């Protein structure tokens, strides 16, 4: 199964506590999160960590994407991201990457 970009956006908004199931996002917030999703996906594709087509995120990649996008979008909403969200999300993505595109993953110290 796959998840759409709109569904990912809603999950990121909930992780950042700027939205709930009974509250719709404002258009400006939607645009900000969508921009971050696009930037993060492009970055991950360059690094070989995103292998799916747009708007069809594998369900197993949703949690890692939420963590990574929320990390990069937190500042836009005056929120503090967990210090390991992006790193942990990337490690999760690397662990589920299809075998045809596996590369060696190395840890970088901060």
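The values are calculated or read from the model by the stated rules, or taken from the named source; none is laboratory data. These figures come from a predicted structure and were not determined experimentally. A quick note on method: Cβ atoms are made from the backbone with ideal geometry, for glycine too, and the neighbour counts reach across all protein chains shown.
Just one of 89, 100, 48 is modelled with pLDDT under 95 and touching a helix residue (DSSP H, G or I) at 6+ places or on another chain (Cβ under 7 Å); which is it?
48
Show the residue pairs meeting these rules: Cβ distance below 7 Å; 6+ apart or different chains; first residue within the range 14-28 and within 21 Å of residue 65 (Cα to Cα); second residue assigned to a strand (DSSP E or B).
Matching pairs, first to second residue: 14/20.
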